[in-house]
Amino acid sequence: QVQLVESGGGLVQPGGSLRLSCVASGAASGFTFSNYAMGWFRQDPGKEHEFVAAVSWNGGGGTYYADSVKGRFTISRDTAKNTVYLQMITPKPEDTAVYYCAATGEYYCSGYGCYGLQQFEYDYWGQGTQVTVSS
């Protein structure tokens, strides 16, 4: 069973910084972190999940960002720690949401790259962590 556990959420002031972490586990079920593309989504109450950022599996090449966060957020992964990060710099009040990390199927690729941009492309989800941007 693959499990994703997010942490690092909380209250941050506009213009500050915050780093979210997501630890993946599931080696007993054959899950090898480096073989899976990872993504971050966010959701406001009553709205659909919104894509934030994605990083391909090791060797798949590349990252992708939603226009709304490009230049402010950075996604990265640490294979040794089975962890994917989302560094948020100069967050805005409109970034307030529950943030979820997600994993695709193994060696997933689509027409635009080896990562997913839409919710249905991800097989595994964490429980979410609340981020509130407010002064």
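For region 69-84, name all the residues that are under 12 Å from Val23 (Cα atoms) and of a type outside the set (Ser, Thr, Tyr).
Arg77, Asp78, Ala80, Lys81, Asn82, Val84
Can you tell me how many residues within region 89-114 are of a type in the set (D, E, K, R) and either in contact (Cβ under 8 Å) with a residue 60 or more places away in the chain or in a strand (DSSP E or B) (or both)?
2
Could you please let me know if Arg42 is under 21 Å from Gln118 (Cβ atoms) and within 15 Å of the chain's Cα centre (by Cα)?
Yes: the conditions hold for Arg42.
Of the residues that make up region 37-48, is at least one free of Cβ contacts under 8 Å to residues at least 40 places away in the same chain, closer than 22 Å to Gly9 by Cα and of a type in the set (A, V, I, L, M)?
No, that holds for no residue.
Out of Val12, Val23, report the one residue that is open to solvent by 40 Å² or more (accessible area, probe 1.4 Å), farther than 23 Å from Tyr112 by Cα and of a type in the set (A, V, I, L, M).
Only one candidate qualifies: Val23.
Could you give every pair whose Cβ atoms fall below 7 Å, whose first residue belongs to region 1-16 and is within 28 Å of Ala28 (Cα to Cα), and whose second residue is at pLDDT below 95 and in a strand (DSSP E or B), counting only separations of at least 6 or pairs across chains?
Listed pairs, sorted by first residue: Gln3/Ser25.
Please verify whether Gln87 is under 16 Å from Gly16 (Cβ atoms), touching a Phe, Trp or Tyr at 6+ places or on another chain (Cβ under 8 Å) and of a type outside the set (A, V, I, L, M, F, W, C), treating the condition exactly as stated.
For Gln87, the condition - under 16 Å from Gly16 (Cβ atoms), touching a Phe, Trp or Tyr at 6+ places or on another chain (Cβ under 8 Å) and of a type outside the set (A, V, I, L, M, F, W, C) - is met.
So which residues in region 115-135 are in a loop (DSSP other than H, G, I, E, B) and buried (at least 19 other Cβ atoms within 10 Å of the Cβ)?
Residues satisfying the conditions are Tyr115, Gly116, Tyr122, Gly126.
What are the residues in region 56-76 that are over 26 Å from Leu11 (Cβ atoms), out of contact with any helix residue (DSSP H, G or I) (no Cβ under 7 Å at 6 or more places or on another chain) and either surrounded by fewer than 22 Cβ atoms within 10 Å (Cβ to Cβ) or not hydroxyl-bearing (Ser, Thr, Tyr) (or both), if any?
Within region 56-76, Gly59, Gly60, Gly61, Gly62, Thr63, Tyr64 meet the criteria.
Exactly one condition in (1) surrounded by 15 or more Cβ atoms within 10 Å (Cβ to Cβ); (2) at pLDDT below 95; (3) not hydrophobic (A, V, I, L, M, F, W, C) is false for Gln87; which is it?
Condition not satisfied by Gln87: (2).
May I ask you to say which residue of Ala103, Ala97, Ala54 is within 15 Å of Val5 (Cβ to Cβ), small (Gly, Ala, Ser) and at pLDDT 95 or above?
Exactly one residue qualifies, and that residue is Ala103.
The values are calculated or read from the model by the stated rules, or taken from the named source; none is laboratory data. These numbers were taken from a predicted model, which means no experiment stands behind them. When we count neighbours, we look across all protein chains shown, and the Cβ atoms used for this are built from the backbone with ideal geometry, even at glycine. Remember, those area values only see protein heavy atoms, side chains included, never the ligands or the DNA or RNA. Shrake-Rupley method; radii C 1.70, N 1.55, O 1.52, S 1.80 Å.
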